[in-house]
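Down below is the structure, laid out as structure tokens.
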Amino acid sequence: MRFISLMLPLTSPFFYDAVNTSGVPRLTKFYSPIAHSAQTLVEKIFSLVSSRQPGLCNFLDAPELETFLKPKDGDGEKLRVVYRNYATLYFVFVVDHAESELGILDLIQVFVESLDSAFENVCELDLVFHFDEAHHILAEVIQGGLVLETNVNEIDRAVQEAARARKESYASANPLSLGGGGAVGSRSAGLQSPLGWLAGRLTGVGAR
Amino acid sequence: MRGLTQFIADIRGARVRELEEKRINKEMANIRKRFKDGNLDGYQKKKYVAKVIFTYILGYKVDVGHMEAVNLISSSKYSEKQIGYLAVTLLMHENSDFLRLVVNSIRKDLNDNNEIHNCLALHAIANVGSQEMAEALSEDVHRLLISPTSENFVRKKAALTLLRLYRKHPEVIPAQEWALRIVSIMDDPDLGVVLSVASLILALAQDHPEAYSIAYQKAVDRLNRVPIPWLQIKLLRLLQIYPPSDDPTLQVMLQEVLQTIMNNCNEPSRNVQHNNAQHAVLFEAINLAIHLDGNSPLVNTAAVLLARFISSKETNVRYLGLDTMAHLAARTDNLEAIKTHQGTIILSLRDKDISVRRRALDLLYSMCDVDNSELIVGELLRYLKVADYGLREEMVLKIAILTEKYASTYKWYVDTILELLSAAGDHVGEEVWYRVVQIVTNTEDLQAYAAKVVFEYLKSPSSHESLVKVGGYILGEYGHLIANEPGYSPIEQFQVLHAKSQFCMAPTRALLLSTYIKWVNVFPEIKPQLVNVFERYRHVLDVDLQQRACEFYALAMRPEEDEMLQNVCEEIPPFPPRESALINRLNKKHADSEDKRPWAHSNGTLERQPSKVIRKPGTIDTNGHGSNSNGDISQEIASSLAGLDLTSSPLAIQSPSSLPDGSAALAAKGIPRLSAGPNIDRWFDKLLYTPEGVLYEDVQIQIGIKSKYQGPVGQVAVYVGNKMSAPLTSFTTALHTEEGEALTASFIKIAPSMLAPRTQIQQIVQVECKKVFRKPPILVVSFIAGAHQAIAVRLPIVITKFLEGVKLGPADFFERWKLIGGPPREAQSIFPIALDATGHIDLAKQRQVVAGHGFQILEGIDPNPSNLVGAGIVHTAVDGKVGCLLRLEPNREAKLSRVTIRSTSEDVASEVQKLVQKPLAADPSAPADKRTL
């Protein structure tokens, strides 16, 4: 796909509550330059997505976003927003037409499953404390705005591989250290969230 | 990294924004100091850079850490490298100066033996690939992609990185040169690699359709093997950028694939996820089916499926159903299938989801035609009044266009447009009312009616400014046509119009002033009121209005007999016919997207018109050699006397090194440079007059030919043998015909993608001669054996293969010979010949060549026994049969021979003459007795 312009799981602190609360982005990645500040763009997308009722389709034409994402060469590429809601998070992709909408929807699921398997029951806090890891996982799914891999097992394997390499290099540098340098599976107990991932299992996490 | 975790926890613990900022400022100050002091070990650098990244992610501006990130990249420890790369991809944009510093580190990682380092480097290039990086590193990336030792996950990333570089800096990538090598990866056993490469090819093929044309065949083959959904979608899209293939084999295979996909969707699906994937494939398959032929039975099946989708309970499916149906409506000639669902579609305009409503709008626009236009436009007008604001402007444009395009009566047109103006005034662009004026001015029958209707609209207490403008214009020009009817008297017209004036902006008022001056001319009875208005406007602040008023006042006050006013207020002549500004506007609104599939999906405005597709590779006469080969015959004969190989076009005689641009032209057509060599020419020449033999051979493969012809059709069996003890992978065969309308050649089936060691495969080529042709088709055999190789040779399929001998008596022969007469229907040449070992003319060979070309040798016609006379008929499917007579007169003493061909077609004569001469002519450079033929 050409330029998934950005992807940002947004969180609304309260599930479909408090429309005025702006979403705090947990993971954002822009694959093409943006014309205005990222902050306002995220707010705009959040307001677009969060105002939609459940049960509507996962696709959205977004002429409003074009001013933000206008490519410099000015081709009037139409953007579409594809989003999906998991518990407290919205996963939002703003995409052009290089992939089918259902494909993107599938990709979101793939990404979430990969996160889930890498973090063993991922929760929102994982994305905060292990932002680097989340980015690495994203990099295994999408590279430079293009779909890289759609097979969860393959992604998993690549993530594990990287984690292993990290651990090894860390261990060789710090022979006395007990803990690994890797983030995966090494959440400190105090931050452990008992909350599960998929809808229904998660009730909400503090705003920040 | 405990420090990092603590930092994050601190920030999360901050209750208010100020505390958070304080914490961050403190940390940044600390980091700045640490970096300044220097002497940090890798771990510390990593930790601080990670903190900087986190701060950046929170939305704060950061100005430290760039240099340290650059240093981390060259660290030997993966954990540090990874953070370094993350910082580079997040903190730096493609024009950042720091990127210069990382090019070398990235190159080092690209060439590293450790694959995961390769991956990090590729990922960084894909994310921030600058011009400089593209120039410096694209070769390395390409190498990683094609290297047989690369791991699959590296190749996958390399393909996408290359794609990203190509998108950003297309001039850096030699796309045509790499075409065959890249396409050959489509046969890779790893589906992930194939998926990435398919994305790459999809982009490259849009810009270089001919160079990548072999991808079409590969895609069809791959689809046949039922790949994963993502790949299926990619391939189905790839097929849509090419025009439908004429190859019957591919057509049949593709039909089967599409049929299977459509049948599959009838099965109940396992879960939502699976369902999504299946639908995604299905929609793409439908799009392809529509692209192939908008009226095929497959498309009818698709229409039935789509009808089911648009009333589905799932919103996503409804959305895509409408979207795809709009595509169908734009491409098919038969809208009946869609029209039966008109009710459902109109209902979708009231769907609770705006995304669905938009699609329904697009679809209604696409499916509108003369029969249903009144209904659809009516519905759209009704919906317009309650539509979302975001939709209105587009709706207005579309309604205006449809109304104009499908207007059955002028009355309806005027009614609808005026209703549109009054219903959605704010959203009506200037173009809409300009267009109304244009049409009313150019249509005399409409003028009186339009004046009346607009007058009625103006009577309503509030009318929109656009309406006032139209009113001002139309009443000014045509108000006099209705002035005699009760209720439309000049004074009433004036009162109604002038009442609106005070609510209007200056430009509209200016227009009204112009209306008034026109009325001064035609309605003298209300002149006092009009002059009164001018007088008042002479004192307004707006300069334009003031000037206008002054001028008009002066004009109106001139004496009665003055003709000035009349001349000025002459009726406006019709506008020259011009394209509707509305469509331009709509097109501008959705400027062409990158998506070059013939129907621009993103357009939202699917115009019902033949799509512009890329021209077919086979039928294109590229500028370069077209003139050369089809050029004047005398030149060709002259060069044939010079002993040049002419049957294979000028392409064949280009020596590889001397003409680099020639090979580029070939590469542009997706044909590798023709393999050359004395043996290859000899094999080819021999096959011209024999039905079977070797066509090509080297240490790796051997290609043999067996052929049989019947009338205008023939079957050529091509045998390809692998002589090595290793398999040939990504084995591909393709045919290129340069004169597609004269000769068709296609394989009956696609070759298997692997050729086992020491085995041979047979590929049947179906040939049909439609007209006289000159250029034999080119066979391209490509494979990977260590490196990617391609062999391109001309197949010995020439016009004389379709020649059938006829027996003629001397009387018949001479009658025909004379009937045909001399040039241009006679082709003659004199050429040197070689004598056999005994110093005599090699009569047996002469006979063999003439008979091998299909002539019936006629005995007893020429008194000289060493002369040969023959006759035959060339069969062509389109141009019918062409008679052809031959006379060959070898002369032993002069070591020369004269060949004369007379034919009812001059093209045939010259072509046959060259073909017959070719195997007989002695190579002037070679000693005669050494020639072995």
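Within the straight-line cut-off of under 17 Å between alpha carbons, the aspartates and glutamates reachable from residue B:61 are B:18, B:20, B:21, B:27, sequence neighbours fewer than 8 places apart in one chain being disregarded.
Convex hull volume of the Cα atoms in segment B:40-140, per residue, in Å³? Write down the numbers at each step before the final one.
Numbers: hull volume 8.6 nm³, N = 101.
Per-residue hull volume (Cα only) is 85 Å³.
Principal-axis analysis of the Cα atoms of chain B puts helix B:389-405 at an angle of about 70° to the longest axis.
Per residue of B:78-88, what is the mean number of Cβ atoms on other protein chains within 10 angstrom of that residue's Cβ?
5
Out of every Cα-Cα pair in segment A:82-140, what percent are more than 13 Å apart? The calculated P(r) of segment A:82-140 puts 63 percent of pairs beyond 13 Å. A viscosity of 1.567 mPa s and a temperature of 4 °C, combined with the Kirkwood radius over C-alpha pairs in the Stokes-Einstein formula, give segment B:801-920 a diffusion coefficient of 90 µm²/s.
Translational diffusion coefficient of chain B (Stokes-Einstein, Kirkwood radius from Cα pairs, 20 °C, 1.002 mPa s): 61 µm²/s. Cross-link check: pairs B:801/B:895; B:775/B:914; B:708/B:770; B:26/B:77; B:686/B:706 evaluated at a Cα-Cα cut-off of 19 Å; pairs beyond the cut-off: B:801/B:895; B:26/B:77. Computed from label points 7 Å out along Cα-Cβ, the spacing between residue B:881 and residue B:412 is 5.8 nm. Relative to the longest principal axis of the Cα atoms of chain B, the long axis of helix B:906-920 lies at roughly 40 degrees.
Taking every C-alpha pair closer than 8 Å and separated by at least 6 residues, the mean separation divided by the residue count of chain B gives a relative contact order of 7 percent. Working from label points 7 Å from Cα in the Cα-to-Cβ sense, the residue B:894 to residue B:760 distance is 4.4 nm.
Taken residue by residue and averaged, Cβ atoms of other chains lying within 10 Å of the Cβ of A:123-131 number 3. Given R₀ = 30 Å, what would the calculated FRET efficiency be for residue B:350 paired with residue B:300, taking r from the Cβ atoms and rounding to 0.05? After rounding, the FRET efficiency stands at 0.60.
For segment B:856-861, the Karplus equation 6.51 cos²θ - 1.76 cosθ + 1.60, evaluated at θ = phi - 60°, returns couplings of 8, 7, 9, 8, x, 9 Hz by residue, with Gly and Pro reported as x. Cross-link check: pairs B:81/B:234; B:156/B:352; A:44/B:313 evaluated at a Cα-Cα cut-off of 31 Å; pairs beyond the cut-off: B:81/B:234; B:156/B:352.
A simple rule links phi to the HN-Hα coupling: the Karplus curve 6.51 cos²θ - 1.76 cosθ + 1.60 with θ = phi - 60°, which for segment B:683-698 gives 4, 5, 4, 5, 5, 5, 10, 10, x, 8, x, 7, 9, 7, 7, 9 Hz, with x for Gly and Pro. Here the gap between residue B:30 and residue B:525, fully extended at 0.36 nm per residue and compared with their Cα-Cα distance, gives a gain of 169.3 nm. Remark: the residue B:147-residue B:838 segment gains 243.0 nm on full extension, using 0.36 nm per residue and subtracting the alpha carbon distance. Mean partner shielding of peptide B:353-359, defined as the number of other chain Cβ atoms within 10 Å of each residue Cβ, is 5. The label-point distance for residue B:830 and residue B:444, in a model that sets each label 7 Å from Cα toward Cβ, rounds to 7.7 nm. With the convex hull of the Cα atoms taken as the outline of segment B:142-212, the averaged projected area works out to 4.1 nm².
Taking 0.36 nm per residue of separation and subtracting the Cα-Cα distance, what length does fully extending residue B:17 through residue B:103 add?
Details: separation 86, 0.36 × 86 = 30.96 nm, distance 3.88 nm.
Result: 27.1 nm gained on full extension.
Excluding same-chain neighbours fewer than eight residues apart, the lysines reachable from residue B:405 by a Cα-Cα span under 27 Å are A:78, B:339, B:385, B:452, B:469, B:588, B:589, B:596, B:612.
Summarising the amide proton neighbourhood of residue A:86: residues at separation of 5 or more, or on other chains, whose placed amide H is nearer than 5 Å comprise A:91.
Angle of helix B:229-240 to the longest C-alpha principal axis of chain B, folded into 0 to 90 degrees and rounded to 10: 80°. Based only on Cα atoms, what Rg/Rh ratio does segment B:410-568 have, Rh being taken as Kirkwood's radius? Ratio of gyration radius to Kirkwood radius for segment B:410-568: 0.96. The alpha-carbon atoms of segment B:513-553 define a convex hull whose volume equals 46 cubic angstrom per residue.
Given only helices, namely DSSP H runs of n ≥ 4 each adding -39500 (n - 2.57), what is the per-residue ellipticity at 222 nm of chain B, to the nearest 500 deg cm²/dmol?
Working: 40 runs with 507 residues, N = 933.
My calculation for chain B gives -17000 deg cm²/dmol from helical runs alone.
Quick note: the coordinates plus some simple rules give every number you see, no bench work behind them. Since the structure is predicted, the reported quantities are computational estimates derived from the model, not experimental observations. Please note: Cβ atoms are built from the backbone with ideal geometry, for glycine as well, and neighbour counts cover all protein chains shown.
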